[in-house]
Amino acid sequence: MTHWNLVYEGFDPAREGLREALCTLGNGYFATRGAAPESAADGVHYPGTYLAGGYNRLSTEIAGRVVENEDLVNLPNWLSLGFRIGEDEWFDLRKVETLACRQELDLKAGLLSRTVRFRDARGRRTTLVQRRLVSMAHPHLAALETTWLAENWSGPMDIRSALDGRVVNGGVPRYRNLNGTHLVPVATGRVGQNGICLKVQTSQSELRIAEAARLRLFVAEQGVEPPLRVVEEPGFIAHHARVEVAQGQPLRAEKVIALFTSRDRAIADCALAACDAIGTAGDVDVLRHGQALAWQRLWDRFDVELELASPATTPNHTSLILHLHVFHLLQTTSPHTIDLDVGVPSRGWHGEAYRGHIFWDELFIFPLLNLRIPDITRSLLKYRQRRLDAARRAARAAGCQGAMFPWQSGSDGREETQVVHLNPQSGRWLPDHSHLQRHVNAAIVYNLWQFYQVSGDLEFLCYHGSEIILEIARFWASLATFNKPLGRYEIRGVMGPDEYHDAYPGADEPGLNNNAYTNLMVVWGLWRALDLLQILPAEHGARLRQKLALEDDEIRRWEDISRKMRLVFHDDGILSQFEGYADLKEFDWDTYRARHGLAMRLDRILEAEGDTPNRYRASKQADVLMLFYLFTAEELRQLFERLGYPFDPAMIPRNVEYYLRRTSNGSTLSQVVNAWVLARSDRARSWDLFTQALQSDVADLQGGTTPEGIHLGAMAGTVDLIQRCYLGLELRHEILWVNPQLPHELKRLRLRLRYRQASICLDATHDSLRIRAVHCPAGPVRIGFGERISELHETDEIELQSHA
């Protein structure tokens, strides 16, 4: 195993779903899970192909009510390729003797390889080698190459290459009681001598999807053209071929496919486009070469080079996982995403968990993209802008002004949070109140502001970001109520990031009051809205205020709220997660962890026992600690001073320790935050939590969630820990500040960033920091280190002595 190759030896049915998710191949337009080509959805395997933003809405009667859900649709299975020797059964790895089995994901080249050596019931030994790609060079193309070598036999072999649109959404066990049949057959047909085409349509969104496949066969590298029999059924079409195999002579099949939809631009019809594409596509070698070049260009931007102080095997493992995390981020959001109307799904386009919806995970993902390819962030932020009117309608429906974006978003920007959710431990369907996580709006403003800080793109801020920031400020102002006896504004009836607490014990209505994270993010967001009005060019600002009917009285209210928001404290400077938190009981962690292990999903455990986490000081994930993740000590001091609250820097470690002891870390995001907030005060512990965060998906620490889809926020967050946290990157006053604080285990860190259009190389050790400006098309950039500010022109290089 190297730091570029994820390798699995053997065949383990119990872990196959995890391998399939982690070996997904994609290009930002579509993604296909790493299932065996001969497999079908059967409880061990789950072939799935997903289009970025490919949603459909269905209704199901459940728990006495009709529930509507919009799902990321499992598209026709293009990968399907089966075979059999003679008249025997079609190949199934579970029905033969496996002599060797190896699966390897080459992260550098974007290739998935599989080698299986097996002996069947008749004693025939065969070696099977397969390589596949989803093209990063050509977003509509993918390919599968399969080679068979008969070791001790000769005879006929049947090959079946199919496009199967009879698939349903069934990849998440707890969703299987819900309607999952999204595809309606439209047409099948032949394409020339060796091609087939399938066209289907989603039942509600009426998205048409076409796949075309070209099959070529070679014996001993000489092309052969056996008769190709075509089998057609509604929603299904397949090529059947019989080839004579000679002992020791390789048989190779090339399957090249194209996928288009009715949403694509510059086409007349998706089926015609797919058929044309397979007619002009190069062979597998040509596609593989293009794939390697495309991925090399991406790795030139995104690679992170580490030198660790650990034994020789550990650096490879750490670097491998970081490369894997970047790989899956780029398969979800690549340069091909720039032309699409899509957001960032929290579970990638890798499975059906969370139905492919967009939450707040952008908060953890965009910082990595901002400093590498900001054009991708720009396009993803436009996803929110296009749904601004839907957010305005949602605010009005909630009795508020401005714009209220949903906790879960899909195709059109309405709230997609389910009304009820299943607790798999109790089997009960329960009300879902998570739509009350209004803090997603704060995350959107934060993301817009951070993008502007990194890119300096004032035009984007003017024409795409400013209206969102001001409308969310208007929403917060309408949500805030003034408590006259306290002389403070309050935000009531919401949920924080914690998610365990959705109501007060015994309350008839859901929601909590004065969540510290939400309230302080509101203050920060209103402050940025006030700054925005000063930053915008005068003429543009006047037009925008006129368009929004934004009067001086409203702006003065924003100023007042941003100076008088209430924060609640308890126990000598502990920032209360919400009002009344101190009245809750302490939780008996030791007993429950002895009984349930890590007890990450404490909410499910307690509900199954007839209890609720609403009664306890127990959190699912970082809540108050998110403030120390997003803001530096200096930024927090400024916020507290603006509110008139005293700020003691020592409160940060006190709060960190307090809430770390009371968090189950039931979200993969949690350890990312925990590692970050400890990075300055306890580097050894921070590194330990960082390594735990690295294991979230590769080890499936949540016990079965990763097979349903990766956790993209945690993946990007671990890389950002290396990039911004340990390197100490901050953006202040048009200056990129660098203050490396490398953990002992990290000897050296090298990476390349993009800041204000400049390409900058950084090389940090415990003793020194070297910075080189590779390219500065917009002029010199300003870099801050300690008390020194340097102006770097193109090709300039400076070396500074670190005081870490």
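Looking at the structure I just gave you, is Ser619 closer than 30 Å to Arg428 by Cβ, of a type outside the set (Asp, Glu), in contact with a Phe, Trp or Tyr (Cβ under 8 Å, 6 or more places away or on another chain) and touching a residue at least 12 places away in the same chain (Cβ under 8 Å)?
Numbers: closer than 30 Å to Arg428 by Cβ: yes; of a type outside the set (Asp, Glu): yes; in contact with a Phe, Trp or Tyr (Cβ under 8 Å, 6 or more places away or on another chain): yes; touching a residue at least 12 places away in the same chain (Cβ under 8 Å): yes.
Yes; evaluated as a whole, the condition is true for this residue.
Conditions tested, residue by residue: (1) in contact (Cβ under 8 Å) with a residue 40 or more places away in the chain; (2) among the charged types (D, E, K, R); (3) under 19 Å from Met495 (Cα atoms); (4) touching a Gly at 6+ places or on another chain (Cβ under 9 Å).
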residue	(1), (2), (3), (4)
Asn519	yes, no, yes, no
Gln534	no, no, no, yes
Ala538	no, no, no, no
Trp558	yes, no, no, no
Met565	yes, no, yes, no
Val568	yes, no, yes, yes
Asp590	no, yes, no, no
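Take the conditions (1) crowded, with 20+ Cβ neighbours inside 10 Å; (2) in contact with a Leu (Cβ under 7 Å, 6 or more places away or on another chain); Arg615 misses just one of them, which is (1).
Is at least one residue of region 228-236 part of a strand (DSSP E or B), of a type in the set (A, V, I, L, M), open to solvent by less than 30 Å² (accessible area, probe 1.4 Å) and touching a residue at least 60 places away in the same chain (Cβ under 8 Å)?
no
Table: residues versus (1) open to solvent by 30 Å² or more (accessible area, probe 1.4 Å); (2) of a type in the set (D, E, K, R); (3) part of a helix (DSSP H, G or I).
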position: Trp407; (1), (2), (3): no, no, no
position: His421; (1), (2), (3): yes, no, no
position: Ser426; (1), (2), (3): yes, no, no
position: Glu499; (1), (2), (3): yes, yes, no
position: Ala507; (1), (2), (3): yes, no, no
position: Asn519; (1), (2), (3): no, no, yes
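Per this entry, Glu20 is not counted among residues that are out of contact with any Asp or Glu (no Cβ under 7 Å at 6 or more places or on another chain) and open to solvent by 10 Å² or more (accessible area, probe 1.4 Å). Could you tell me which of the residues Leu532, Leu548, Leu526, Leu567 is open to solvent by less than 60 Å² (accessible area, probe 1.4 Å) and over 29 Å from Met626 (Cα atoms)? The match here is Leu548.
If a residue has to be β-branched (Val, Ile, Thr) and in a helix (DSSP H, G or I) to count, how many in region 609-637 make the cut? Spell out the reasoning first.
Narrowing region 609-637 to residues β-branched (Val, Ile, Thr): 612, 624, 632.
Within this subset, residues satisfying the condition of being in a helix (DSSP H, G or I) are none.
Going through region 609-637 one residue at a time, the tally reaches 0.
Taking each residue of region 626-638 that is without any contact (Cβ under 8 Å) to a residue 24 or more places away in the chain and looking for partners that are open to solvent by 10 Å² or more (accessible area, probe 1.4 Å) and part of a loop (DSSP other than H, G, I, E, B) with beta-carbon atoms closer than 8 Å, six or more apart or interchain, yields Ala633/Pro649; Leu636/Phe647; Arg637/Phe647; Arg637/Pro649. The condition (being within 27 Å of Ala210 (Cβ to Cβ), of a type outside the set (Gly, Ala, Ser) and either within 17 Å of the chain's Cα centre (by Cα) or at pLDDT below 95 (or both)) is satisfied by just one residue among Leu75, Leu51: Leu51. Scanning region 205-227 for residues that are assigned to a strand (DSSP E or B) and farther than 28 Å from Gln291 by Cα yields nothing. Consider region 350-394 and keep the residues that are buried (at least 24 other Cβ atoms within 10 Å of the Cβ) and polar (S, T, N, Q). The one that is nearest to the chain's Cα centre (by Cα) is Thr377. Checked against the criteria, Leu105 counts as under 25 Å from Leu322 (Cα atoms), touching a residue at least 40 places away in the same chain (Cβ under 8 Å), crowded, with 22+ Cβ neighbours inside 10 Å and hydrophobic (A, V, I, L, M, F, W, C). If the condition is being closer than 18 Å to Ala137 by Cβ and touching a residue at least 40 places away in the same chain (Cβ under 8 Å), then region 265-282 contributes Ala273, Ala274, Ala277, Ile278, Gly279, Ala281.
Can you report the number of residues in region 23-43 which are open to solvent by less than 30 Å² (accessible area, probe 1.4 Å) and within 24 Å of the chain's Cα centre (by Cα)?
Quick first cut of region 23-43, residues open to solvent by less than 30 Å² (accessible area, probe 1.4 Å) only: 23-37, 39.
Okay, now just the ones that are also within 24 Å of the chain's Cα centre (by Cα), so 23-36.
Qualifying residue count, region 23-43: 14.
The residue list Leu694, Leu689 contains one member that is without any contact (Cβ under 8 Å) to a residue 24 or more places away in the chain and either among the hydroxyl-bearing types (Ser, Thr, Tyr) or crowded, with 21+ Cβ neighbours inside 10 Å (or both), which is Leu689.
The values are calculated or read from the model by the stated rules, or taken from the named source; none is laboratory data. Every value quoted in this text rests on a predicted model; they were computed, and no experiment measured them. Cβ coordinates were reconstructed from backbone atoms using ideal geometry, including for glycine residues, and neighbour counts include every protein chain displayed. Calculation scope for accessible area: heavy atoms of the full protein, side chains included, ligands and nucleic acids excluded. Shrake-Rupley method; radii C 1.70, N 1.55, O 1.52, S 1.80 Å.
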